[in-house]
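The values are calculated or read from the model by the stated rules, or taken from the named source; none is laboratory data. Every value quoted in this text rests on a predicted model; they were computed, and no experiment measured them. In this analysis, Cβ positions are derived from the backbone assuming ideal geometry, glycine residues included, and neighbour counts consider all displayed protein chains.
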Amino acid sequence: MWLNSVGARFNGSAGGAVSSFVRYFSRKRAENVRKINPKVSPQEASSIARNLYDVIKEHGPLTIPNAWVHAKDSGVGGINSKTHMKLLLKWMRGRKMLKLWSTGVGSSKKFLLSTLPEDPKVTQIRSDMEVKIQHKKPSSSWAATDPSGIVSPYKFNRRAVGSDDVSITITHCGICYADVVWTRNKHGDSKYPVVPGHEIVGVVQSVGSGVSRFKVGDHVGVGTYVNSCRDCHYCNQGLENHCQKGSVYTFNHVDADGTITKGGYSSFIVVHQRYCFKIPDSYPLASAAPLLCAGITVYAPMVRHKMNQQPGKSFGVIGLGGLGHMAVKFGKAFGLNVTVFSTSISKKEEALTLLGADKFVLSSDQEQMKGLANSFDFIIDTASGDHPFDPYMALLKTYGVFVLVGFPSEVKLSPVNLNLGDKTLCGSTVGGTREIQEMLEFCAAKGIQPNIEVIPIQYANEALERLIKRDVKYRFVIDIKNSLK
């Protein structure tokens, strides 16, 4: 257990005992951790010892090797090696945070047991200020433990619910290509074990004392990020995805406390209320999951470029996967004339009949493409495979807008196709908290739902393989509630 934000809760008038307590467990600990590992920021340093203390408190007494194992399993970040951890433990023992105990069976091996001396004055002040002491809680999940990307059952501890936190029982989680990227270490920065998933929906099971936006029983969602600085120009505009200090991704990212974030292939999640979104009660939870990444990825740039205010304009969608099919749905809801471009003729029936597009174009048909020159007001490109850009830029009218939301390995085009006609080429990724909430309410009001295939978590590995092969119409959603045990 630990005092949440103890340094912030006690002011100078609380007395010498409190001041001493705060200095002892905050400033000095952080300074000494930084001496051990100078690369650690002050914020991360102050959390490493705290999290290590929590691990030993929960699992102790522990040997040093077992403490190392439990620290890694619990997601304690900022510890570079077992030697680094031993130095930290030694410092903590010197400050009476830990004791060494003999096994009592003739072995020289010692056990670690956490002991936090309490000051009666501090205990009384803590009670008076209603500082709640909470324990971390275990979460069941599926995680990848190496670059094979194979996910399997894994248990870890979620953080305790803070004053501004929401604890969510996860019912469903969408599968995104980002899950493939980080479970298989495609970017070389995977932090195993990786618990993927950033299209998370569920039901609020508890809230912190400072939470005002949500209550127990609410249907909520969590998207691609779970933290940001909350104080920069963009955060203040509700554009936390562009946080100047960097937003914290929902999984495989280092959070402010030094721990590694873990995603929605798990039984529950604890998130600051700012990064949770209310899902209207009438909207199916399973259908809401893909909106939190695939949906907002196309919705945000479409609204930003005012495509929702220009009914009758021509709108092209390149690619018909998880993102593309949502772009078609939003385009129709905005009253646009929607054309789908695809390299596969097999997508024609789906585009026209299933999704209601106005026209289908086989992009490999050069004659058909040339006949559409200068005829589109907007084009959104959702394709991540490498493809030429000049043929599509030539389709835009004067002042036309081309939005890239896919991730091809490179973008090549002739300046002529961009400059002549004063065309706009821009990129976009997900959206801010205000845009996400707006999109969820819009989808509920208009009855817009993604096309999904609901699967048990035991099918996750097969689903990831099928996603790589583009064999899904159009988004997998894991039924966490009924399959994760």
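Side notes on the structure shown:
- Note on the stretch 176-234: enclosed strands (runs of 3 or more DSSP E) holding 1 or more residues that are within 15 Å of residue 262 (Cβ to Cβ) and among the polar types (S, T, N, Q) are 225-227.
- For residue 169, the requirement of being buried (at least 19 other Cβ atoms within 10 Å of the Cβ), of a type in the set (S, T, N, Q) and touching a residue at least 12 places away in the same chain (Cβ under 8 Å) is not met.
- From the options 477, 430, 472, residue that is touching an Asp or Glu at 6+ places or on another chain (Cβ under 9 Å), part of a loop (DSSP other than H, G, I, E, B) and of a type in the set (Val, Ile, Thr): 472
- Residue 463 in a helix (DSSP H, G or I), crowded, with 16+ Cβ neighbours inside 10 Å and small (Gly, Ala, Ser): yes
- Of all residues in the stretch 221-261 being over 11 Å from the mean Cα position of the chain (by Cα) and hydroxyl-bearing (Ser, Thr, Tyr), the one that is farthest from residue 170 (Cα to Cα): 234
- Residue match in the stretch 306-329 (condition: of a type in the set (Val, Ile, Thr), in a helix (DSSP H, G or I) and surrounded by 23 or more Cβ atoms within 10 Å (Cβ to Cβ)): yes
- Flag for residue 169 being within 16 Å of residue 289 (Cβ to Cβ), touching a Cys at 6+ places or on another chain (Cβ under 9 Å) and among the hydroxyl-bearing types (Ser, Thr, Tyr): no
- Only one entry of 399, 474 meets the criterion of being of a type in the set (Ser, Thr, Tyr), outside the structural domain of residue 304 (by the TED database) and either under 20 Å from residue 350 (Cβ atoms) or free of Cβ contacts under 8 Å to residues at least 60 places away in the same chain (or both), and that entry is 474.
- Hey, residue 138 assigned to a strand (DSSP E or B), at pLDDT 95 or above and within 26 Å of residue 79 (Cα to Cα) or not: no
- Single condition residue 339 does not satisfy, out of (1) touching a Lys or Arg at 6+ places or on another chain (Cβ under 8 Å); (2) hydroxyl-bearing (Ser, Thr, Tyr); (3) surrounded by fewer than 21 Cβ atoms within 10 Å (Cβ to Cβ): (3)
- Pairs meeting the criteria (first residue in the stretch 256-269 and on the phi < 0 side of the Ramachandran plot, second residue assigned to a loop (DSSP other than H, G, I, E, B) and aromatic (Phe, Trp, Tyr), beta carbons under 7 Å, at least 6 apart or on different chains) are 261/251; 262/251; 263/251.
- Cβ separations smaller than 9 Å between residues 6+ apart or across chains give the following pairs from the stretch 414-432 residues that are over 30 Å from residue 223 (Cβ atoms) to residues that are of a type in the set (D, E, K, R): 414/390; 416/390; 417/390; 417/423; 421/397; 423/397.
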